[in-house]
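Notes follow once the structure below has been shown.
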Amino acid sequence: MELCAARVIHNVVPAKAGAVRRAAAPTMAVATSASSAFIGSSLSMGMGAKKQAERGALCVRAARVAGVEIPNNKRAETALTYIYGVGDTTAKKVMATTGLENKRMREFEEDELTRLREAVDELPLIEGDLRRFNSMNIKRLKEIQCYRGKRHIQGLPCRGQRSKTNARTRKGKVKTVAGKKK
């Protein structure tokens, strides 16, 4: 048993300052009582002591507004644009109507977040409703078999762009046809 404990201690080598690398064989962590505390603590610190402290505490990584997780490290106006249907202009209007300052999302208090959520919920079409509205319009065009609907079905541009060359965004990757020469 003593040899096993020494081997595990030998394999745990500091990679950088503050970081500890895992042992090659973590299943060999059976050791004598004298060194078991050291081995157990070094193996549990696999990602560093900083990560270990974060795991136990409650850490909010993103605020949820209109069913979308908004990043905490971005400023409010930029973070609001993560919501489908909210662009720069709309985000600025929302911030103006709520009277909140443009600070990082993690710095907002709960009552400020509530005011922000209420202002975003008052917007006419955002997120799921807007996606549904757009998909229903495209479905209607396909059903009535108009020119735009047919172009949607074929996966080609429907606003008059040329498609003999270019239009790769709609058409996808080039599919080479054998035997097509001048």
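The values are calculated or read from the model by the stated rules, or taken from the named source; none is laboratory data. Since we're looking at a predicted model, the values are computed, not measured. Glycine also receives a Cβ, built like all others from the backbone with ideal geometry; neighbour counts cover every protein chain displayed.
Restricting attention to the stretch 146-182, the residues that are loosely packed, with under 10 Cβ neighbours inside 10 Å and assigned to a loop (DSSP other than H, G, I, E, B) total 16.
The rows are residues; the columns are (1) in the same structural domain as Val68 (by TED's automatic domain parsing); (2) not acidic (Asp, Glu).
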position: Ile83; (1), (2): yes, yes
position: Thr90; (1), (2): yes, yes
position: Glu101; (1), (2): yes, no
position: Arg131; (1), (2): no, yes
position: Gly155; (1), (2): no, yes
position: Arg162; (1), (2): no, yes
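As a summary of the residue check, Glu127 satisfies the conditions (1) more than 30 Å from Ala62 (Cα to Cα); (2) touching a residue at least 12 places away in the same chain (Cβ under 8 Å); (3) of a type outside the set (A, V, I, L, M) except for the one numbered (1). Looking only at residues of the stretch 84-97 that are touching a helix residue (DSSP H, G or I) at 6+ places or on another chain (Cβ under 6 Å) and in a loop (DSSP other than H, G, I, E, B), we find that the one that is surrounded by the fewest Cβ atoms within 10 Å (Cβ to Cβ) is Tyr84.
Among all residues of the stretch 98-111, there is at least one that is surrounded by 13 or more Cβ atoms within 10 Å (Cβ to Cβ), in a helix (DSSP H, G or I) and over 25 Å from the mean Cα position of the chain (by Cα).
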